[in-house]
Structure formats: structure tokens, C-alpha cells
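Structure first, then comments.
The values are calculated or read from the model by the stated rules, or taken from the named source; none is laboratory data. In this text, all values refer to a predicted model and were calculated from it rather than measured experimentally. All Cβ positions, even for glycine, are placed from backbone atoms using ideal geometry, and neighbour counts span all protein chains on display. Ligands, DNA and RNA are stripped out before the accessible areas are found, and what is left, the full protein with its side chains, is counted by its heavy atoms. Shrake-Rupley method; radii C 1.70, N 1.55, O 1.52, S 1.80 Å.
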Amino acid sequence: MGRFDLERKELIDTLRNKGITDETVLMAMSCVERHLFVDPMYVNRAYEDNALPIGSQQTISQPYTVAFMTQSLQLSKEMKVLEIGTGSGYQAAVIAMIGCRVFTIERHLSLLNSARKIFDQLNLRIASKGGDGTVGWKEHAPYDAIIVTAGAPKIPEALVSQLKDGGRIAIPVGDRESQQLVIGTKKGDSISTVIADGFKFVPLIGKNGWN
Ligand code: SAM
């Protein structure tokens with residue numbers, strides 16, 4: 001048994017108890033070792049259901065948030081997924097573990113470089129780049145799903161235009177202090193949305209985000 005195997009199993013039980021039911025998501029999260037993605041200073045807290053600092057004033061998202069957002073995208077193998085806000089790389093790794101092709105963008109290059117090292121170490125199918133993710137990544141569009149891991153003032157049009165018809169987007173929308181998690185499904189030129197409350201995100205900074 002690995003040092004954190006039992007704690008990781010207990011975290012999965014916690015996620016089930018909080019209402020996560022998608023076995024594909026739970027399986028992926030039971031495989032991805034979150035302790036590899038946290039700051040070494042917090043390694044003993046890696047399997048708490050909490051966000052933790054990762055440097056550059058950013059955080060690795062709370063496991064429940066990762067599970068909830070991933071579940072809401074209804075992912076399956078071979079789907080093309082765009083993530084805005086690589087951060088530690090943990091969320092991208094969970095989506096890659098499901099078998100999706102992941103494209104991820106991060107504006108802090110130091111975070112991106114650390115995440116890339118772990119992607120290489122784990123041999124994950126993840127393409128990444130530094131920059132402003134609010135404009136998306138046109139070259140690889142259209143995507144089956146888009147996940148935004150920082151809070152936006154509104155859903156960026158550029159991201160909707162890079163989503164396939166029937167594709168899903170999960171994005172926190174609100175003001176800088178509090179957001180609602182919006183799950184949108186693209187239907188022709190419009191997007192139908194459902195809302196989930198009770199989440200807190202760092203701000204999405206960029207052309208179609210906050211200044
Ligand atoms: N997915 C991350 C993880 O698993 O660790 C969560 C990271 S954190 C909650 C959100 C990230 O979004 C931060 O690293 C932040 O720098 C990044 N971010 C904010 N605005 C961005 C933008 N316009 N483009 C790309 N990344 C952005």
C-alpha cells in the first residue's frame with residue numbers, strides 16, 4: 001500500500017457521501033494522486049476535502065468541486081476537453097484519467113511549468129499552454145466540453161463559440177466575492193443553463209474576464 005492510499009479511499013467515500021454518483025469520476029479521482037499536485041508544505045493535508053494554496057496566490061480546487069464540475073460535464077473516453085486555469089494540474093489529470101484528450105491553459109507560467117512536470121512524470125495525454133484562457137484555444141476547437149476553474153463575470157462568448165453543438169461548459173459566474181456554478185449546454189446559437197450554489201473560486205483574469 002502507498003503512503004496515502006487509505007486517505008485517498010476515505011476522500012472518495014466523502015465524495016460519495018456528499019452526493020457524487022458518477023463512477024467514472026470517482027474511479028479517476030481514486031487513481032490520481034492529489035498529493036503529487038499540492039505544495040510539499042501541505043502534503044499531509046492533500047486528502048482533506050479542501051482547497052489548498054499552490055503559490056502565485058492561487059489554489060488547487062477542493063476535491064468536491066473537482067468531482068462536481070467533472071460529473072456535470074458527463075465526460076466519456078476520447079472526448080476533447082478544454083480547461084481554463086491549469087493551476088496545479090490536478091483537475092486536468094482527473095479528466096485525462098477518464099480517457100479524454102485534455103487541452104489546458106494557465107496564465108501563471110510558474111504554475112504551468114510545475115504542472116507540466118507532473119503530466120510528464122505520469123505520462124498523461126494533456127496539451128498545455130501559457131496565456132489568457134478567456135479567448136479559448138481556437139486551433140483545437142471544437143470541444144466536447146469546456147471547464148473554467150476560476151470565477152468569471154460572464155460566460156465568455158469565445159468559449160461558447162469553441163464548443164460543439166450539444167457540448168457542455170462548467171463555469172463559475174458572479175462577482176469577485178461570490179459565484180454560482182453555471183452548467184451550460186450549447187444548442188445551436190444559444191446555451192441553456194442550470195445553476196449550482198455553494199462554491200467559491202479565485203477570479204478569472206483576462207480579456208473576457210476580470211481586469
Ligand atoms: N484546475 C486547477 C487545479 O486543479 O489546481 C485549479 C486552479 S485555480 C482554482 C484557478 C486557476 O485559474 C489559477 O491557477 C489561475 O491562475 C487561473 N486563471 C485565472 N484566470 C485565467 C485566465 N484568463 N487564463 C488562464 N488561467 C487563468
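Do you know which residues across the stretch 76-110 are in a helix (DSSP H, G or I) and either touching a helix residue (DSSP H, G or I) at 6+ places or on another chain (Cβ under 7 Å) or crowded, with 20+ Cβ neighbours inside 10 Å (or both)?
Here is the first cut: in the stretch 76-110, the ones in a helix (DSSP H, G or I) are 90-98, 109-110.
Of everything in the stretch 76-110, those that are in a helix (DSSP H, G or I) and either touching a helix residue (DSSP H, G or I) at 6+ places or on another chain (Cβ under 7 Å) or crowded, with 20+ Cβ neighbours inside 10 Å (or both) turn out to be Tyr90, Gln91, Ala92, Ala93, Val94, Ile95, Ala96, Met97, Ile98.
For the stretch 28-47, what are the residues that are open to solvent by 50 Å² or more (accessible area, probe 1.4 Å) and without any contact (Cβ under 8 Å) to a residue 12 or more places away in the chain?
Listed by number, the residues that qualify are Pro40, Met41, Tyr42, Asn44, Arg45.
Residues in the stretch 7-62 that are more than 12 Å from the ligand (Cβ to nearest atom), of a type in the set (Val, Ile, Thr) and under 15 Å from the mean Cα position of the chain (by Cα): how many?
The total comes to 1.
Mind listing whichever residues of the stretch 128-151 are within 14 Å of the chain's Cα centre (by Cα) and assigned to a strand (DSSP E or B)?
Let us first name the residues in the stretch 128-151 that are within 14 Å of the chain's Cα centre (by Cα), namely 128, 133, 145-151.
Scanning the stretch 128-151 gives Ser128, Ala145, Ile146, Ile147, Val148, Gly151.
In the stretch 17-42, what residues are touching a helix residue (DSSP H, G or I) at 6+ places or on another chain (Cβ under 7 Å) and over 26 Å from Arg125 (Cβ atoms)?
Answer for the stretch 17-42, where residues must be touching a helix residue (DSSP H, G or I) at 6+ places or on another chain (Cβ under 7 Å) and over 26 Å from Arg125 (Cβ atoms): just Lys18.
Taking Asn113 and the conditions (1) within 15 Å of the ligand (Cβ to nearest atom); (2) crowded, with 18+ Cβ neighbours inside 10 Å, which numbered condition does it fall short on, given that it satisfies the others?
Going through (1) within 15 Å of the ligand (Cβ to nearest atom); (2) crowded, with 18+ Cβ neighbours inside 10 Å one by one, Asn113 breaks only (2).
Using the structure shown, decide if Ser161 is of a type in the set (S, T, N, Q) and in contact with a Gly (Cβ under 8 Å, 6 or more places away or on another chain).
Values: of a type in the set (S, T, N, Q): yes; in contact with a Gly (Cβ under 8 Å, 6 or more places away or on another chain): yes.
Yes, satisfied.
For the stretch 52-69, how many residues are open to solvent by less than 20 Å² (accessible area, probe 1.4 Å) and part of a helix (DSSP H, G or I)? First the steps, then the outcome.
If we filter the stretch 52-69 for residues that are open to solvent by less than 20 Å² (accessible area, probe 1.4 Å), which is where we start, we get 52, 60, 63, 65-67, 69.
Checking which are part of a helix (DSSP H, G or I) leaves us with 63, 65-67, 69.
Result for the stretch 52-69: 5.
To keep it simple, each residue is scored yes or no on (1) among the aliphatic types (A, V, I, L, M); (2) more than 17 Å from Ile147 (Cβ to Cβ); (3) open to solvent by 50 Å² or more (accessible area, probe 1.4 Å).
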residue: Arg3; (1), (2), (3): no, yes, yes
residue: Thr24; (1), (2), (3): no, no, yes
residue: Asn50; (1), (2), (3): no, yes, yes
residue: Gln71; (1), (2), (3): no, no, no
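Taking the residues in the stretch 167-202 that are open to solvent by less than 50 Å² (accessible area, probe 1.4 Å) and within 11 Å of the ligand (Cβ to nearest atom) as candidates, determine which candidate is farthest from Gly87 (Cα to Cα).
Within the stretch 167-202, the match that is farthest from Gly87 (Cα to Cα) is Phe199.
State the number of residues belonging to the stretch 116-141 that are in contact with a Leu (Cβ under 6 Å, 6 or more places away or on another chain) and either away from the ligand (no atom under 14 Å from the Cβ) or of a type in the set (A, V, I, L, M) (or both).
1
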